[in-house]
Amino acid sequence: MNYQESDELYLAMDKAFVRRTKNIQLIPQAKFRKGGKISYAEWAHVIGIFQTLIYMHLDEKQSSTILDVGCGTGLLAIASQPFLGSAGKYLGIDVAKEDIEFCRGHYPRTSFEFMHLETENAFYAPGQDAQKLEWPIERNSIDLVTALSVWTHFAQQDAAFYLKEVSRVLRPGGKAIITFFLLDDLYYKDVGKRSGQAGQFHTLPQNRWVFDQPSYGSNRWFHPGWADIPEQAIGLTREGLDAISGGAGLTLIEQHNGNWKEVPGIFFQDVLIFQK
């Protein structure tokens, strides 16, 4: 019996014992769990982290409108579910058509809506339209934007363009929870000490997360040497972050360092909170 076959049996049995975490009943089978997180336990772990962050940064805890950029197969849809109520809405957008089709069939249509973006990403959707287009979402209509491991796959121009889109759709005072590989002083302080051993807080090699290759000639966006294309994993400097957030009219109000930096972190990547 392989992992997917055993997972199907496990999920059916395990969900019958869930008592205190209602929304994780929506976690899909292994073949539909994507985004670098396949384990059921890791999905449940990350859902809990971001459900807490969403709660902390929503002004209204019910009937909220949440936009999830790069929704994949819905990990943050599950985290958002408790805050939608009867009048709220979760909107997930992604460049991967097959993921959107899965989400439309898996999540209740009463509260969840999913939209395929026919635009290019060099790593996730290389054959789609290269033109950058505004999202078909009204200005000032979203209470909270989430983006889990999305700006870690954007080169400089895409990162700047889509952060402006985040600002455009957010209502005044609205917030965005976005993850990055932020190449700040903490990163540069210890990057030279990294070895091929597993990290203290994760199981991946420490030196896998060394961003030393300029992405498309940029001096603020970098990728690791193992990446076949820069968009496979991209980090940006503090100066790069300040430039795109300032250009978008967003203020960084909170930073949680990720444990990829070999420090205790609430998540693997850096979690940054912006406010419009």
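The values are calculated or read from the model by the stated rules, or taken from the named source; none is laboratory data. It should be emphasised that the depicted structure is a prediction, and the values quoted were computed from it without experimental measurement. Ideal geometry is used to build each Cβ from the backbone, glycine not excepted, and the neighbour counts take in all protein chains shown. Note: areas computed on protein heavy atoms with side chains; ligands, DNA, RNA excluded. Shrake-Rupley method; radii C 1.70, N 1.55, O 1.52, S 1.80 Å.
Number of residues in segment 246-266 that are in contact with a strand residue (DSSP E or B) (Cβ under 6 Å, 6 or more places away or on another chain) and either of a type outside the set (A, V, I, L, M, F, W, C) or open to solvent by less than 20 Å² (accessible area, probe 1.4 Å) (or both) equals 7.
One line per residue, one yes/no per condition, for (1) out of contact with any Gly (no Cβ under 9 Å at 6 or more places or on another chain); (2) among the hydrophobic types (A, V, I, L, M, F, W, C); (3) at pLDDT 95 or above; (4) part of a loop (DSSP other than H, G, I, E, B):
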{"site": "Asp68", "(1), (2), (3), (4)": "no, no, yes, no"}
{"site": "Asp99", "(1), (2), (3), (4)": "no, no, yes, no"}
{"site": "Phe102", "(1), (2), (3), (4)": "no, yes, yes, no"}
{"site": "Gln128", "(1), (2), (3), (4)": "yes, no, no, yes"}
{"site": "Leu163", "(1), (2), (3), (4)": "no, yes, yes, no"}
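State yes or no: is Trp209 buried (at least 23 other Cβ atoms within 10 Å of the Cβ) and of a type in the set (A, V, I, L, M, F, W, C)? When the stated conditions are applied, Trp209 does not pass them. Take Ile78 and tell me if it is surrounded by fewer than 22 Cβ atoms within 10 Å (Cβ to Cβ), in contact (Cβ under 8 Å) with a residue 40 or more places away in the chain and part of a helix (DSSP H, G or I). No: the conditions fail for Ile78.
Applying a threshold of 8 Å to beta carbon distances and a minimum spacing of six or more residues, or different chains, the list of pairs starting in segment 121-141 at a residue that is under 19 Å from Lys276 (Cα atoms) and ending at one that is open to solvent by 80 Å² or more (accessible area, probe 1.4 Å) and at pLDDT 85 or above reads Asn140/Pro172.
Close Cβ contacts (under 8 Å, 6 or more residues apart or on different chains) running from residues in segment 87-103 that are within 25 Å of Ser63 (Cα to Cα) and open to solvent by 30 Å² or more (accessible area, probe 1.4 Å) to residues that are modelled with pLDDT of 95 or more and of a type in the set (Asp, Glu) comprise Lys89/Glu113. Tallying residues that are small (Gly, Ala, Ser) and either over 17 Å from Leu182 (Cβ atoms) or open to solvent by 20 Å² or more (accessible area, probe 1.4 Å) (or both) within segment 228-245 yields 1. For segment 14-38, which positions are farther than 30 Å from Gly85 by Cβ and at pLDDT 90 or above? Within segment 14-38, Ala30, Lys31, Ile38 qualify.
Here's a check for you: in segment 16-69, which residue that is among the acidic types (Asp, Glu) and within 17 Å of the chain's Cα centre (by Cα) is least open to solvent (accessible area, probe 1.4 Å)?
Asp68
You will find that of Pro136, Pro108, Pro172, the residue that is surrounded by fewer than 16 Cβ atoms within 10 Å (Cβ to Cβ), in a strand (DSSP E or B) and more than 18 Å from the chain's Cα centre (by Cα) is Pro172 and no other. Tell me which of these Gly192 doesn't satisfy, since it passes every other one: (1) among the small types (Gly, Ala, Ser); (2) out of contact with any helix residue (DSSP H, G or I) (no Cβ under 7 Å at 6 or more places or on another chain); (3) buried (at least 17 other Cβ atoms within 10 Å of the Cβ); (4) more than 20 Å from Ser245 (Cβ to Cβ). The single condition Gly192 does not satisfy is (3).
In segment 212-225, the residue that is least open to solvent (accessible area, probe 1.4 Å) out of those that are over 20 Å from Trp260 (Cα atoms) and of a type outside the set (Ser, Thr, Tyr) is Gly217. Against the definition (out of contact with any Ser or Thr (no Cβ under 7 Å at 6 or more places or on another chain), of a type in the set (Val, Ile, Thr) and in a helix (DSSP H, G or I)), how does Ile24 come out, yes or no? Spelling it out, Ile24 is indeed out of contact with any Ser or Thr (no Cβ under 7 Å at 6 or more places or on another chain), of a type in the set (Val, Ile, Thr) and in a helix (DSSP H, G or I).
Tell me, please, whether a residue that is outside any helix (DSSP H, G or I) and at pLDDT 95 or above can be found in segment 45-61.
Looking for residues that are outside any helix (DSSP H, G or I) and at pLDDT 95 or above, one finds at least one in segment 45-61, hence yes.
Checked against the criterion of being without any contact (Cβ under 8 Å) to a residue 12 or more places away in the chain and among the small types (Gly, Ala, Ser), segment 263-274 contains not a single residue that satisfies it. Looking only at residues of segment 211-232 that are in contact with a helix residue (DSSP H, G or I) (Cβ under 6 Å, 6 or more places away or on another chain) and assigned to a loop (DSSP other than H, G, I, E, B), we find that the one that is nearest to Pro126 (Cα to Cα) is Ser218.
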